[in-house]
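> Questions regarding the structure given below will be posed in turn.
Values in this text are rule-based calculations from the coordinates and carry no lab data. Note that the coordinates shown come from a computational prediction; the quantities given were computed from them, not determined experimentally. Neighbour counts are summed over all protein chains in view; Cβ atoms, including those assigned to glycine, are modelled from backbone coordinates with ideal geometry.
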Amino acid sequence: MDKRLITIGEAATYLGISVSHLYKMCSMRSIDFYKIGRSNKFLIADLNEFISKNKISKKKESMVKLKLSIKI
């Protein structure tokens, strides 16, 4: 696993969002980051985990999960 920390600009590009939006996400603590001095830094593994956690399932998969949760 790559333990290199990347900058907020690199992380924003990796996620496909603006730097200002990523700063807002950091201030809301909705994404993991490291504070090094005055800079926010990110691990690519943490960004990949964030992407995985925010995946939206296909409609069919969501309906199956909903039906299973209702039966319980």
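> Apply the Debye scattering formula to segment 5-71, with a single equal point scatterer on each alpha-carbon and no solvent, then give log10 I(q)/I(0) at q = 0.26, 0.28 Å⁻¹.
Taken in order of the listed q values, log10 I(q)/I(0) reads -1.12, -1.27.
> Ok, one more. Using the basic label-point model (7 angstrom from Cα toward the beta carbon), what is the THR13 to LYS53 distance in nanometres?
The two pseudo-label positions are separated by 2.5 nm.
> Now for a different question. Return the subset of LYS3/LYS58; LYS35/LYS55; LYS3/LYS53 for which the Cα-Cα distance in this structure is over 22 Å, preserving the input order.
Details: LYS3/LYS58 32 Å; LYS35/LYS55 26 Å; LYS3/LYS53 20 Å.
Violating the 22 Å limit, Cα to Cα: LYS3/LYS58; LYS35/LYS55.
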